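One structure below.
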Amino acid sequence: MHVHPKASYREVLEDANAKGYAVGQFNLNGLEYLQAIVEVAEEERSPVILGVSVSSMKYIGLHYLTALADAAKLRARVPVILHLDHGPNFEVVQQAIRGGFDSVMYDGSEHELDRNIAETRRVVDAAHAAGVDVEGELGQIAGTEDEVSVDEREAMLARVDDAIRFAEETGIDALAPALGTAHGMYRTAPEIDFGRLENIFEKTKKPIVLHGGSGVPDDDIRRAISLGVAKINVNTEAQMEFNRIVREKLDNDPKLYDSRKYLGPAREAVKEIVRKKIRLFGSHNRY
């Protein structure tokens, strides 16, 4: 059973859960990233989620972003989903909904539980009225640069009973619980709390999103997928590889001025990272 190429965020993640794979969210940091991500998704016959951070929205411009994504969707034979990553407040989320995003993530994790539930519910009501799906966050997903003690780490992780309440009372379509991963590149492999992951998925039955997917060991990724993770976010790894190639090209040829000559190879490098992740996540040959 192949899902339609116009499948929604929720449909794509539910299919992933049902069949034991995960869909990659790759961040859109410019045109080269969009081209790389969508070309590979097509070649691999994989659904793909284009993640847009608030900083990328400002950098690229909302009107350009949605036009670029629409151009990709028109030609793609696989689902290409434009997704707001870490929407910090209702206003930004509303901009994305009105701007034509397919799904939004509202991140109310800095608030205590009751307020996070209330704010997320407000986003869900507005988004669902416009046919837009919602991802919510529970617990605190740190950055790899943050020095976090063992006790602090425990306090930041999503609690199972909170997750049940959060999922039920907000009506979200996917849940991003803090499970021990972080944003950025890890100095040492992260410790994912697999027991907690399994428990949250079993009790909420919501597709689970793993943030901070760059640099998590492959075996941990496979295990996380087997326990309910349906979406994995990757950004830093692609950015670092892009940066490495650009630096190399410019260092090797000080006279180089045609930006296509270094952005093109950087785009190819991003393609290979996206391809590797799609195969690891098992989302290839699904469409």
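The values are calculated or read from the model by the stated rules, or taken from the named source; none is laboratory data. Here the structure is a predicted model, which means the values were calculated and not measured. Don't worry about glycine lacking a Cβ; one is built from the backbone with ideal geometry, like all the others, and counts go over all protein chains shown. With ligands, DNA and RNA removed, areas are computed over all heavy atoms of the protein, side chains included. Shrake-Rupley method; radii C 1.70, N 1.55, O 1.52, S 1.80 Å.
Quick rundown of the values:
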| item | result |
| --- | --- |
| Hits in the range 244-273 (condition: assigned to a helix (DSSP H, G or I), farther than 27 Å from GLY180 by Cα and not charged (D, E, K, R)) | ILE245, VAL246, LEU250, ASN252, TYR262, LEU263, GLY264, PRO265, ALA266, ALA269 |
| Top-ranked residue in the range 217-238 [being small (Gly, Ala, Ser) and more than 18 Å from ALA163 (Cα to Cα); ranked as least open to solvent (accessible area, probe 1.4 Å)] | ALA238 |
| Failed criterion for ALA189 (all others in (1) of a type outside the set (Val, Ile, Thr); (2) in contact with a Pro (Cβ under 6 Å, 6 or more places away or on another chain); (3) crowded, with 23+ Cβ neighbours inside 10 Å hold) | (3) |
| Scan of the range 108-124 for residues that are in contact (Cβ under 8 Å) with a residue 24 or more places away in the chain, out of contact with any Phe, Trp or Tyr (no Cβ under 9 Å at 6 or more places or on another chain) and surrounded by fewer than 24 Cβ atoms within 10 Å (Cβ to Cβ), ordered by number | SER109, GLU110, ARG121 |
| Residues that are open to solvent by less than 70 Å² (accessible area, probe 1.4 Å), at pLDDT 95 or above and not in a helix (DSSP H, G or I), drawn from the range 194-216 | LYS206, PRO207, ILE208, VAL209, LEU210 |
| So HIS63, is it open to solvent by 10 Å² or more (accessible area, probe 1.4 Å) and part of a strand (DSSP E or B) | no |
| First in the range 254-279 and farther than 10 Å from ALA238 by Cβ, second anywhere and open to solvent by 30 Å² or more (accessible area, probe 1.4 Å) and outside any helix (DSSP H, G or I), Cβ under 9 Å, 6 or more apart | LYS261/ASP253; TYR262/ASP253; TYR262/LEU256; ARG275/HIS284; ILE278/HIS284 |
| Hits in the range 81-98 - residues which are open to solvent by 10 Å² or more (accessible area, probe 1.4 Å) and under 24 Å from GLU39 (Cα atoms) | ASP85 |
| In the range 10-47, residue most open to solvent (accessible area, probe 1.4 Å) [restricted to those that are in contact with a helix residue (DSSP H, G or I) (Cβ under 9 Å, 6 or more places away or on another chain) and without any contact (Cβ under 8 Å) to a residue 60 or more places away in the chain] | LEU31 |
| Near pairs, Cβ below 6 angstrom, 6+ apart or cross-chain, from the range 189-218 (without any contact (Cβ under 8 Å) to a residue 40 or more places away in the chain) to any residue that is among the charged types (D, E, K, R) | ILE192/ASP220; SER214/GLU237 |
| Of residues in the range 154-167 being in a loop (DSSP other than H, G, I, E, B) and without any contact (Cβ under 8 Å) to a residue 40 or more places away in the chain, the one surrounded by the fewest Cβ atoms within 10 Å (Cβ to Cβ) | LEU157 |
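Conditions (1) in contact with a Leu (Cβ under 6 Å, 6 or more places away or on another chain); (2) among the small types (Gly, Ala, Ser); (3) in a helix (DSSP H, G or I), marked per residue:
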position: GLU152; (1), (2), (3): no, no, yes
position: GLU169; (1), (2), (3): no, no, yes
position: PRO190; (1), (2), (3): no, no, no
position: ALA230; (1), (2), (3): yes, yes, no
